[in-house]
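In what follows, a single structure is set out as structure tokens and then discussed.
The values are calculated or read from the model by the stated rules, or taken from the named source; none is laboratory data. All figures in this text were calculated on a predicted structure; none of them were measured in a lab. Using ideal geometry, Cβ is built from the backbone for each residue, glycine included, and neighbour counts are taken over all protein chains shown.
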Amino acid sequence: MAMNPMQKKARTSFLLGIFLTLVICGLVIVFLIFQLMQIKKEQSATQYKRPYILTQDVQSGDYIGTAYSNSLDVDTRAIPPNAITGPIPDTAIAKVNLGKGTILTTDLIYEDGIEESSDVREQEYNMIILPSQLEVGDYVDIRLRLPSGEDYIVIAKKYVQDTNSNTIWVKVSEDEILAMSNAIVEAYRMNGSLLYATTYSDAGIQEAASPTYVASSEVVQLMNSDPNITNVAKAALAERYANLQAQRQTIVNALNGFNEDGLTNVQQKVEVEIEEQQAARQEYVDGLVTPTE
């Protein structure tokens, strides 16, 4: 049956409307798919990284070599913020003993051949109370606890170069040497005080603590005039000590309670320290002597 012009026009309009609706729906679907792909891409870029993970154990002081892989995508929330995702130099060395599966971070390795600051020295201390399970390769804070219970960090996150039953060897800068010397003398002056070391439970991801011990005004003045301390370090010390004057006053108050016996304590304990160091030195020298037949 022939279709009249009005019906034909209505049908054409209907079909055109359906076509346009399908085209619009198609464009919307394509747009949504594109948006979802972009979101997924952005999420993949921001939430996942490929850190370097050890494929075998590496001992402290050994080169990392090729004992690592970065083939796994790891959620950034599950890795340390300082995890290494860029190239690792061939001269990279492990700072501590590292087990298979460890995520490498900037705190766990150093590059061989990089010179240390000119004022860094290896220092031995035999008057510090050491943790019973302290080992070479651990990182420690050296702290001073007053008889009243206040507790201060003298130097922070020091790598244990060597240790025995009562001595520890660490690398310290000039300002840290002066701060430690001051803390040692003040610990000697106060009966009941304690100069001791605490270890970091996970040195690879834990940031160094901020020292809170404030040396005496005489030592601070010496630091300011010491040419071996860099200007950058002096500025940092000045800022730190300016914000910690209340801590220094607490230490001064504690010292004032031991004025009568303080100097005697220092003299006696320094003598013991010297005797122990001489005995340790003699034992070391004796160990270098090859027995003759």
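The set of residues in region 52-84 that are part of a strand (DSSP E or B) and of a type in the set (S, T, N, Q) contains only Ser69. Being in the same structural domain as Ser210 (by TED's automatic domain parsing), of a type in the set (Phe, Trp, Tyr) and touching a helix residue (DSSP H, G or I) at 6+ places or on another chain (Cβ under 9 Å) is a property that does not hold for Tyr139. Do the conditions hold for Lys95, that is, is it surrounded by fewer than 19 Cβ atoms within 10 Å (Cβ to Cβ), at pLDDT 85 or above and touching a strand residue (DSSP E or B) at 6+ places or on another chain (Cβ under 8 Å)? No. Annotation note: of Met6, Met1, the sole residue that is over 57 Å from the mean Cα position of the chain (by Cα), assigned to a loop (DSSP other than H, G, I, E, B) and at pLDDT below 80 is Met1.
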